[in-house]
Amino acid sequence: MITSAEIRARFLRYFEEHGHTIVQSSSLLPGNDPTLLFVNAGMVPFKDVFTGAEVRPYLRATTSQKCMRVSGKHNDLDSVGPSPRHHTFFEMLGNFSFGDYFKREAITFAWTFLTKEMGLDPDRLWPTIYTDDDEAFALWQEIAGLPPERITRLDAKSNYWSMGDTGPNGPCSEIIYDRGPEACTCGNPNCTLADECDRWLELWNLVFMQFETHADGTTTPLPRPSIDTGLGLERITSVLQNVDNNYDTDVFMPIMERMRELAGMSIQEMRANIVPFRVIADHSRAIAFLIADGVMPGNEGRNYVLRMVLRRAARFGRKLGMDRPFLAETTQVVIDTMGQHYVELVERGAFIKDVVTQEEERFLQTLSVGLTRLEELTSELGSQGKQTIPGDEAFRLYDTFGFPLELTRDAAEEAGFSVDEKGFAAAMAAQKERARGATRFAADNAAELYRSLDLKPTVFCGYETCDTQATVLAIVRNGESVSSASENSEISIVLDTTPFYGESGGQVGDTGYIVANDLVIEVTNSTRPLPGLFAHHAIIRTGTVSVGDSVIAQVDEERRLDIARNHTATHLLHRALRQILGEHAAQSGSLVAPEHLRFDFSHLSAMSTEQLRQVEDIVNAEIRQDAPVSTRETSLDEARQQGVIALFGEKYGDRVRVVNVEGFSSELCGGTHLHSTGQIGCFFIKSEASVGSGLRRIEAVTGRGALAFVRNHMDRLNRVGELVSSRPGEEAERVAALMQEVKDQRKNLQDLQREIAAKSVDSLTDSAVEISGTKVLTAVVQAVDVDTLRDMCDQFRDKLGSGVVGLGAVIDEKPLLIVSITADLVKRGLHAGKLAGAAARLMGGGGGGKPHMAQAGGKDASKIEKAVSNIKQLVTDALN
C-alpha cells in the first residue's frame, strides 16, 4: 500500500521534474495578511505574487501546504467526526504558475500525474469546467481523450474561484473521482456530478486565474494569466489506499489505534463508537501543528481556536471513559508519523506535549467547577419551584466550563430536572454566528487607497544611510490623494527612495525630517501600507510640497541608534532564553522602540529570579565580547538548512535577510541593527510576566534607556536611605529593622486589645438578649485587625455556651462583620453565612461563609451600628 508520505513526496518530485521549485510549507499563521485567521488554502502564501505585489525568483512552484479551516462554508466543526472527509487541519498539495503556463499545461500535468504516476483508472475520473469555458472543454477532450459527455459544465457557485471581493479570479476545472454506484448516497444509482452525492469525490481543483477585480467593481484581464491548483492529500490518499473515508488511511489510523489502546477498547468497540476516535484523531493533528507554529491556548482569535479544538477532543475522550489527560499521547503519534517532513513537530515535540497536558488538566478542573455550578443552579431553580434548566444557562455551562450538553442533561435528570435543549441550540447557533464573524478581520482601507495609486515599490536605502535625495511620488491628506499640500497640513507622503524604516516585524517606524529649500516636513512615523511601499506620516512645518518635488529625507539618527540597540539586544535575548529555558522558548511577538524592548515568548511557567539573572548575564557577556553583527541575503531554503531561526507567523519571500551575531545567534530579520554588540552598552531586564496561557513577556532596556533605568533606581534607593536615616549600602538592613519594629508594635497592640476585650466580655455578655429561647449578643467593638475581631467573637461565644454572636468593627476605614453560632443552634437551622451576608447589605456590601462562622464587609462605615443591630431581627425571622 502506498503511504501518504510517499504520495506527498511523489507529488513534489513530479512537479520538480517539470520545472517547479519545491517551496516549503508556510506557517499556519498567515504572514502580514489581516483578512485570514489561518492559512486555509495552498495559494495563500503566494497571494502577493499573484497580485504582483511580490516577485519571486521562480515562475513555477509546488508545495504541500499546512491548512486550517474551522468555520465558514468550508468546514463546520460539528461535521468533524460524523463526516468521512471533514477536517480542521489538512494538507493541500499544489502546483502554481506565476504567468508562465496556463490551461493546457495545468490540465496535462494533473491528468498525467493521476493516471500515469498514481495509476488511477481514467474511466473513473470526470472533469468539470465553468459554464462557458469552451477552451477548457476542448483541452480536456484533446489531452485526456474524453468524450464531450464526460465533461460537466457547472455554474459559478461550483466552478469559479476568486480571492475575495477584489483581486485575481477565474474559472475552475475540477477533477472528480467516481467511487462507483455502491458509494451512492442520493438514492439514484444513475446520478451525475450535478447531484450532491458521496459517489462523486472532488480530488483536484485547477484554478485558471485570468482576471482581476478592482476596488471600483470593474474586472479586467490579467496581463499574465496564472495557475493555482489544490489536491487534498487526505482525499487522494483515501482513493489510492482504496478506503471509503479519510479516517481509514494511514494519515489517521495510527492516532486512532493509539487512542484505542489508551481507552482499553477492542477494534470492534472502536468501530461501534467511531465518532469520538475520529474527532480525537483529527483534532490531535490540529493541536500539534498549531502549537508547533506558535499558537497557545487562549480566549481570543487563534488562541481560542486551539483551546476550543483541544477541549473538544478532551471532551470526546471523556465519552470513551478517559478521566485523565491523554492528548499528549495522541499528539506524540502525530509527531512520530509527520515529523520527518514537518521538522518543527520534532523540534518542539516536548513543548507541544507539555502545553497539551497543562491545558487538558486545566479543563478537567473546569469540569469539576462546572458540576458545582450545576448543583448551585438546580438548588436555585428548585427554590423557585422550577424544574427546567434554561437553555442559556445550559449553554453557559458549555461555553464557560466546556460542559457537554449530554453531561448537563444526565446530571439534571438525576436531580429531577430537564433541560431546555431548544434554547441551548439557539444560544449555540448565535455563538457560532459570532465566531464566524470573528474569523475575518477588518480590511485595511489605507491599503486599498495606496493600491489604487498604482505606485512603484519604494527603494529602501536605510540599511546603508540615514539621509538621501528623493522624489515625491504621492501625497495623501484626509484619506485622499492630493497633488500638493502646504504649511500645517497633516499628510502621508510616498517617496521613490527612502532611508526611513517602515514599521514592521515589531520594530517601530523611523521619525525625522523631509526638507528642501524653504520646505520642512516633520516625519512622526513611517509605515508600510503595502508590501514594498513606504508611507511617511508627517506634518508640514513650513513651505509647500508637491508631487514630483525633489527633497532630502533625513532620519533621526540618535533615535534610530536607540532602536537598533534594542533590536540587536532582542536577538541576544532570544538566544539566551533558548539556552536557559530550552528551544521551545520561541519568539511570539515583540516591540522594538527607542526607549525599551518588549519580547513575548513561549514558556509555561514564570521564570525564577536565578533564570532571569542568567539570561541577563549571558546577554551582557555577549555585549562585552563586542561581537560583529553582520547581515546577508540568501534563499529561504538555504537559511533554514543552516539552522537560521525564523519567526512564527512572519511572511518570508524566497530571498531573505539573515542577521548574524558572530558565534552566537542567526535569525531572519528585516530590521535595522548595530555593527557590533558592544554598541548596545548594557542590558537590564525590567520585568517578566504572563500575557496569556503559555506566553511570557520580558521588558528590558539598553543604552540610554538602561542608564535612565539605573539612575531612577539609584534615586529611589537614595530617597529610601534618607527616609529611614541609613548610611549608603545599609538601606535594606535599616528597612528590615524598622519593619520588625512595626511588627512588634502591632503585636503589642493586638495583645492589648485582646486584654481589653477579655475584660469587657462579662459586661457585654450581660447585654445578650434571648430570642425564642436563644441568646443573641451583638455589639460594635474596637479591633485593630480581622484576627482580633475573630478572637473576640470566639471569647463571647465560649462565654455564652449556646448562642449567636454578631460583632462589628471599622478596620482600615472599612466596616466588617463577623457572626459566630454554636453547634447546637446550627442544627436548629441557623446559618452564620446567611446572617452575615444579609446584615452586610445594609452597609452596601455582602459576604458569607460557613454555618458556624462567617465574615462580611461593606462600603458605608456609618451604617455599621444599624447592620449589627439588624442581626437580632434576622435571628428572630430565622427561628420563627
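The values are calculated or read from the model by the stated rules, or taken from the named source; none is laboratory data. All values derive from a computational prediction rather than experimental measurement. No Cβ is skipped: glycine too gets one built from the backbone with ideal geometry, and neighbour counts run over all protein chains shown. Side chains included, ligands, DNA and RNA excluded: accessible areas come from the protein's heavy atoms. Shrake-Rupley method; radii C 1.70, N 1.55, O 1.52, S 1.80 Å.
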Practice problem: Take the range 270-306 and flag every residue that is in contact (Cβ under 8 Å) with a residue 60 or more places away in the chain and among the basic types (Lys, Arg). | Solution: 278, 285, 302
Exercise. With the condition kept exactly as written, say whether any residue in the range 149-165 is over 43 Å from the mean Cα position of the chain (by Cα), surrounded by 13 or more Cβ atoms within 10 Å (Cβ to Cβ) and farther than 30 Å from residue 223 by Cβ.
Key: yes
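Is it true that residue 765 is modelled with pLDDT under 85 and either of a type in the set (A, V, I, L, M) or more than 54 Å from the chain's Cα centre (by Cα) (or both)? Full working, then the answer.
Details: modelled with pLDDT under 85: yes; either of a type in the set (A, V, I, L, M) or more than 54 Å from the chain's Cα centre (by Cα) (or both): yes.
Yes, satisfied.
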Quiz item: Checking residue 385 against (1) assigned to a loop (DSSP other than H, G, I, E, B); (2) modelled with pLDDT under 85; (3) among the small types (Gly, Ala, Ser), which test does it fail?
Solution: (2)
Quiz item: How many residues are farther than 16 Å from residue 854 by Cα, modelled with pLDDT under 85 and not small (Gly, Ala, Ser) if we restrict to the range 771-797?
Solution: 2
Practice problem: Identify the residue in the range 533-568 that is under 11 Å from residue 513 (Cα atoms) and β-branched (Val, Ile, Thr) and, among all such residues, is most open to solvent (accessible area, probe 1.4 Å). | Solution: 552
Exercise. Mind listing whichever residues of the range 788-807 are surrounded by fewer than 19 Cβ atoms within 10 Å (Cβ to Cβ), among the charged types (D, E, K, R) and touching a residue at least 12 places away in the same chain (Cβ under 8 Å)?
Key: 790, 791, 794, 799
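Matching residues to (1) more than 24 Å from residue 581 (Cβ to Cβ); (2) touching a residue at least 24 places away in the same chain (Cβ under 8 Å); (3) in contact with a helix residue (DSSP H, G or I) (Cβ under 9 Å, 6 or more places away or on another chain); (4) of a type outside the set (Val, Ile, Thr):
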{"residue": "688", "(1), (2), (3), (4)": "no, yes, yes, yes"}
{"residue": "701", "(1), (2), (3), (4)": "no, yes, yes, no"}
{"residue": "709", "(1), (2), (3), (4)": "no, yes, no, yes"}
{"residue": "722", "(1), (2), (3), (4)": "yes, no, no, yes"}
{"residue": "725", "(1), (2), (3), (4)": "yes, no, yes, yes"}
Exercise. Restricting attention to strands (runs of 3 or more DSSP E) lying wholly within the range 88-204, give those where 2 or more residues are in contact with a helix residue (DSSP H, G or I) (Cβ under 6 Å, 6 or more places away or on another chain).
Key: 89-97, 125-130, 167-178
Quiz item: For the range 277-297, how many residues are more than 17 Å from residue 67 (Cα to Cα) and open to solvent by 10 Å² or more (accessible area, probe 1.4 Å)?
Solution: 1
Quiz item: Which ones in the range 251-309 are among the aliphatic types (A, V, I, L, M), in contact with an Asp or Glu (Cβ under 7 Å, 6 or more places away or on another chain) and within 22 Å of residue 355 (Cα to Cα)?
Solution: 262, 292
Exercise. Within the range 79-101, track down each residue that is over 30 Å from residue 223 (Cα atoms) and open to solvent by less than 10 Å² (accessible area, probe 1.4 Å).
Key: 80, 81, 88, 89, 91
Quiz item: Restricting to the range 598-652, what's the tally of residues that are within 30 Å of residue 301 (Cα to Cα) and basic (Lys, Arg)?
Solution: 3
Quiz item: Hey, does the range 770-787 have a residue that's free of Cβ contacts under 8 Å to residues at least 12 places away in the same chain, over 20 Å from residue 869 (Cβ atoms) and open to solvent by 70 Å² or more (accessible area, probe 1.4 Å)?
Solution: no
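Could you say whether any residue in the range 317-333 is acidic (Asp, Glu), within 17 Å of residue 284 (Cα to Cα) and surrounded by fewer than 19 Cβ atoms within 10 Å (Cβ to Cβ)? Steps first, answer last, please.
Filtering the range 317-333 for residues acidic (Asp, Glu) gives 323, 329.
Remaining after also requiring within 17 Å of residue 284 (Cα to Cα): 329.
Restricting the remaining residues to those that are surrounded by fewer than 19 Cβ atoms within 10 Å (Cβ to Cβ) gives 329.
Taking every residue of the range 317-333 in turn, at least one turns out to be acidic (Asp, Glu), within 17 Å of residue 284 (Cα to Cα) and surrounded by fewer than 19 Cβ atoms within 10 Å (Cβ to Cβ).
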Quiz item: Within the set of pairs 6 or more residues apart or between chains, which connect a residue that is more than 13 Å from residue 375 (Cβ to Cβ) and among the aromatic types (Phe, Trp, Tyr) inside the range 410-431 to a residue that is in a helix (DSSP H, G or I) and at pLDDT 85 or above with Cβ atoms less than 6 Å apart?
Solution: 424/391; 424/394; 424/395
Practice problem: Test residue 571 against the stated conditions and say whether it is of a type outside the set (Gly, Ala, Ser), touching a Cys at 6+ places or on another chain (Cβ under 9 Å) and open to solvent by less than 20 Å² (accessible area, probe 1.4 Å). | Solution: yes
Quiz item: When only residues in the range 205-230 that are in contact with a helix residue (DSSP H, G or I) (Cβ under 8 Å, 6 or more places away or on another chain) and small (Gly, Ala, Ser) count, which is most open to solvent (accessible area, probe 1.4 Å)?
Solution: 215
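Could you tell me which of the residues 376, 359 is charged (D, E, K, R), modelled with pLDDT of 80 or more, out of contact with any Asp or Glu (no Cβ under 6 Å at 6 or more places or on another chain) and open to solvent by 70 Å² or more (accessible area, probe 1.4 Å)? Steps first, please.
Values: 359 fails: open to solvent by 70 Å² or more (accessible area, probe 1.4 Å).
Within the list 376, 359, the selection yields 376.
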Self-check item: Condition met for residue 587 (closer than 20 Å to residue 504 by Cβ and open to solvent by 10 Å² or more (accessible area, probe 1.4 Å))
Solution: yes
Quiz item: Given the structure, is residue 179 charged (D, E, K, R), within 16 Å of residue 3 (Cα to Cα) and open to solvent by 30 Å² or more (accessible area, probe 1.4 Å)?
Solution: no
Quiz prompt | Among the candidates 715, 751, residue that is free of Cβ contacts under 8 Å to residues at least 60 places away in the same chain, open to solvent by 30 Å² or more (accessible area, probe 1.4 Å) and within 47 Å of the chain's Cα centre (by Cα) | solution = 715
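Do any strands (runs of 3 or more DSSP E) lying entirely in the range 808-880 carry at least 3 residues that are open to solvent by less than 10 Å² (accessible area, probe 1.4 Å), and which ones are they?
On the way: elements: 814-821, 846-849, 853-857.
The strands (runs of 3 or more DSSP E) meeting that bar are 814-821.
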Self-check item: the range 486-532 - residue that is farther than 24 Å from residue 674 by Cα and in contact with a helix residue (DSSP H, G or I) (Cβ under 7 Å, 6 or more places away or on another chain) and, of those, modelled with the lowest pLDDT
Solution: 531
Quiz item: Taking the range 162-205 as the region of interest, how many residues are of a type in the set (D, E, K, R) and in contact with a strand residue (DSSP E or B) (Cβ under 8 Å, 6 or more places away or on another chain)?
Solution: 6
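For the subset of the range 412-426 comprising residues that are surrounded by fewer than 20 Cβ atoms within 10 Å (Cβ to Cβ) and assigned to a helix (DSSP H, G or I), which member is modelled with the lowest pLDDT?
That would be 414.
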Quiz item: For residue 565, are the conditions met, namely being in contact (Cβ under 8 Å) with a residue 24 or more places away in the chain and either farther than 20 Å from residue 628 by Cα or over 31 Å from the mean Cα position of the chain (by Cα) (or both)?
Solution: no
